[in-house]
Structure formats: C-alpha cells, structure tokens
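Each remark here refers to the structure printed beneath this line.
The values are calculated or read from the model by the stated rules, or taken from the named source; none is laboratory data. As the structure is a computational prediction, the values presented were derived from the model and not from experiment. Backbone-built Cβ (ideal geometry, glycine too); neighbour counts: all protein chains shown. The area values use the complete protein model at the heavy-atom level, side chains included, leaving out ligands, DNA and RNA. Shrake-Rupley method; radii C 1.70, N 1.55, O 1.52, S 1.80 Å.
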Amino acid sequence: MRSKGSLVLAFDIGATWLRAALADGEGRILHKLTMRTARESRALEAQLVKVAQELLNKARALSGHVIAAGVGCIGPLDIREGVILQPSNLPVEHVEVRHVLREVLHGLPVYVLNDCTTACYGEWLLGAGRGLRNLAYVAIGTGIGGGAVVDGHLLLGWRGNAVEVGHLVVDARGRLKCGCGGRGHWEAYCSGAGMPRFLAYWASERGLNKHELKVAFGKELTRLTVKDIFAAARRNHPIALEFLEEVALLNAAGLASVINAFSPELLIVDGSVALENYELIVEKALDRLGEFALNEVPLIRPAAFGRDAVLMGAAALAIRPPEELVKSC
C-alpha cells in the first residue's frame, strides 16, 4: 500500500525532448519539467541527475516522500540493466539510466522500459484501456512504435524490445531504407520523419517534375516537412491526396499486422502525426483495414493522455510496476 504522502518520479526520454514529472500515488502530475534531450551519453546521465534532484526538492517542499521512479525511453534497451544501448535517432550509447537515478534516489527502485511499451502500460493502468485484458498501442509520430497487453500481461520480450511495430515490413520490395538500416519498414514510409522521403520516392516513380511538386507543396522537396504534406492535403491538392492514399494503404497493412499478431479488444492510436491528422492518417487507414486484417477489427480510439502518454506510463510503472518487469530486474 502507498502511504498518503507517497510520490513518484516519472521520466520520458525522447530523441528531442526530455520530460519529467513528480506525481502522486494516483498518477496525478504535481510538477512537470520539459527540456531538450542532451545529445551525448554522459551529458544525458548528468541531465537526468539534475532533473531528479530538482523533482526531489519539489517533493520535499510538498512534504511528500518519493518511493520509486519510472522511465520510458527511446530504444533499443537492456531493461535488465536499465541501459539505453544505441538508438538510431539520438547520438548516444550505453546510457546508464537506472544506475544514475538509483544513485540520486539512494537505492530506491527505478523501472526502465521502452517508451511505447511504457505509454501502453499507462493507458492500460490509468487510461483508455483500463480494465481490459487485451489491448495494443501504436504511436505514429516522428517514428512509429507500439506496445501490447495480451491476456493481462504486458509484453516485454528479450531485453525489453518487444512490439517494435515500426519495424514491421510493409513493403516487401524494400524500396526505402529505415533509420535502423532495415528495408521496407513501416516507419520508413509512414512516420513523420519518413513521409517526406517516401513522397520524394513516390513522386519520382510517377514521373512528377519539380515544378509540379513545388506548386503542390509550396516548397522544394529537399525542404519539405510532413506538415507541408498535410497542409497541401487540406487544400485538396490532388497530388497530396493521392500520396496520402498510398500512405493509408501502408498504414492499414501495419495496423492490420498489429491486430493479427495480438488480437486486441482495443487498439489505441497515439503520436503527433496520427492525433493531429486523425482524419487523414487514421480514418483513411481504417477504410482499408478489411483488405489486410484476419482477426476481428477491434474498437480503435485515440490515446487518453496524448502528449503525456509516456510520462503517465512512467508514473504508472513507479506506482504499480508490472510483475514481468520486476522479475526481469
């Protein structure tokens, strides 16, 4: 049982942003910090220590006592050691997350998981998936990631890198290379980082010239962002709309693969690209799901916590750590 003054620390270590929070035993955030993620291994460890000390000072000011910390972070990871290994989108390696936080917390428990698995756990324990025994979580943002709960068990996998759904193959021809080095991965085509590159390839396949593309999107392809693609689609430009139909097909293949693999009662969709462009990304994909799904298509709904999904999941890890994680640590 948690005593009345029990508090937890929560960390969301992303490729661009580091978010941290002090939360109570019900998962209510009492204080939150946001900053750019340090881009060197030892600098990131020092940043975590500084942030943890600031949150501990805030806890003392509130007359509370911290009992544990939860961390959701970019992978790949070794969850047994609590170490970030060598992510493809942040120039760090072997960041000893658990070790440095346990030191500043004087040996208190520190639970470390992949960011999307962490977000999935938060949605299961505190959010949209509360009370269910089978759910899947997919985040389509700068990258694509996922998490799953099957028969009441959070799936972790060896070293904690299960449910890396962004690296499902959706293009057997392997036309594009993913940031991880693999070919044909979902993330390479349909993520915020991947879509502009996919558009360039798709346009060249169709023989579209630079002038046509500049008219459609308002700038040169080399300067194009995913926001420009969606802006053109909202202006009903036919090139943008046709391209998003291709994206919808691949998203449908990816989402159907998740449904076929995990047979969830609920599929939670998260991530900035999906949530900010729901009708263009999620709804278009849902129209094509029947072409790929074997299992019954479950209820599909947006995440309850949005931008704070990983942070809320990290708080949930500290409040009620999953048995599978406690055993692995």
* Structure fact -> Exception for Thr34 within (1) modelled with pLDDT of 95 or more; (2) open to solvent by less than 50 Å² (accessible area, probe 1.4 Å); (3) of a type in the set (Val, Ile, Thr) falls at (2)
* To do: Among the numbered conditions (1) of a type in the set (A, V, I, L, M); (2) surrounded by fewer than 21 Cβ atoms within 10 Å (Cβ to Cβ); (3) touching a helix residue (DSSP H, G or I) at 6+ places or on another chain (Cβ under 7 Å); (4) within 22 Å of Val150 (Cβ to Cβ), tell me where Leu299 comes up short.
  => (3)
* Do you know which residues across the range 67-102 are of a type in the set (Asp, Glu) and in a strand (DSSP E or B)? -> Asp78, Glu96
* Quick check: is even one residue across the range 230-247 at positive phi, surrounded by fewer than 19 Cβ atoms within 10 Å (Cβ to Cβ) and of a type outside the set (Gly, Ala, Ser)? -> yes
* How do the strands (runs of 3 or more DSSP E) wholly within the range 103-196 filter down when requiring 1 or more residues that are at pLDDT 95 or above, surrounded by fewer than 21 Cβ atoms within 10 Å (Cβ to Cβ) and of a type outside the set (Asp, Glu): which remain? -> 144-150
